[in-house]
Amino acid sequence: MMIERQRDDRPFVSIDPKKFMSWGSSTRSIFALAVCLLVPVFLIVLAVPRLVEGIGLERARIAYEAAIDERPLPASVYQDAADAMSDVMADDGDALIERAELTELASNGRPAELHKARDLVIDGLLRSPVNPRGWTLLCQIDIYVSPTDASRCMDTAFFIAPFDWFLAPRRAVLAAYLWPQLDADVRAAAARRVRLMWEADEWPDHRLKRSLYDVYRAPNGPALLTAGFEGDKDEMRALNRWLLRRQMYGPQE
């Protein structure tokens, strides 16, 4: 008995080779377009952290320049700037000192933050031992956290970049605070500096001379100024008149 072959009535679908090639070409085009779109997105994702880091470092630079110019900013600005520098290379002494100064400015006198700033500045000085701002900053911090070391610190600070006029006002005020603990050589160096600040005022806004009023108001400031003008009665009288006028009428120059 023969088995009859069943007839397949399903319609035959023919594939046009040209249409098939066209479909494949479209798929490749879509894939290529997707790749072209994804590559820039991938690059942007990689670039965003660097962009954010760059913005943070630029803010840190602006805050540090304000510190150099002694233009006070809110503590939060200094803190953000210090945080932005948290990834600086451990062997970059100058950058560590900059971060230490920003940390000190943001501290508002908090002991934990001052100790953190001190550790940073010491690490920085180990790598950049002749950085004048670093030594001045260390002396300033030591007045609060390590008074016994502060006077010894001034001994070094006064003999590194002795004519750095950007630091002269801070050093003079620090010397006034520490006057009773300073030895004879450091006292003599401090006295010479305040006399030079009076005579060698190189800025149009008389910044150096004006800072002598801050020295006068600091503890032991009058003793330091007296030592600086010792033996010159005429200039001492001129200084006293200037201080009196400054006290009565405010900044006049």
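We did not get these values from a lab; they are worked out from the coordinates using the rules stated. Treat the numbers as computed from the prediction; the structure is a model and nothing was measured. Here Cβ is always computed from backbone atoms with ideal geometry, including for glycine, and neighbour counts include all displayed protein chains.
Summed over all non-identical Cα pairs, the Kirkwood treatment of region 131-253 gives a radius of 14.5 Å. Under the convention that each Lys and Arg Cβ holds +1 and each Asp and Glu Cβ holds -1, the size of the dipole of region 120-211 around its Cα centre is about 180 debye. Of the residues Ala84, Trp198, Leu137, the one whose Cα sits farthest towards the positive end of the charge dipole of region 78-232 is Trp198 (charges of +1 on Lys and Arg Cβ, -1 on Asp and Glu Cβ, taken about the Cα centre).
The gain in end-to-end length when the Glu230 to Ala66 segment is fully stretched comes to 55.5 nm, 0.36 nm per residue minus the alpha carbon separation.
Label separation (Glu199 vs Arg237): 1.9 nm, computed from points 7 Å beyond Cα along the C-beta direction. Over the Cα atoms of region 119-186, the radius of gyration divided by the Kirkwood radius equals 0.93; this is the Rg/Rh ratio.
Here the peptides 105-115, 66-76 are ranked by packing, the mean other Cβ count within 10 Å, and the order with the highest first is 105-115, 66-76.
The spacing between region 183-253 and region 140-181, judged by their C-alpha centroids, is 16 Å.
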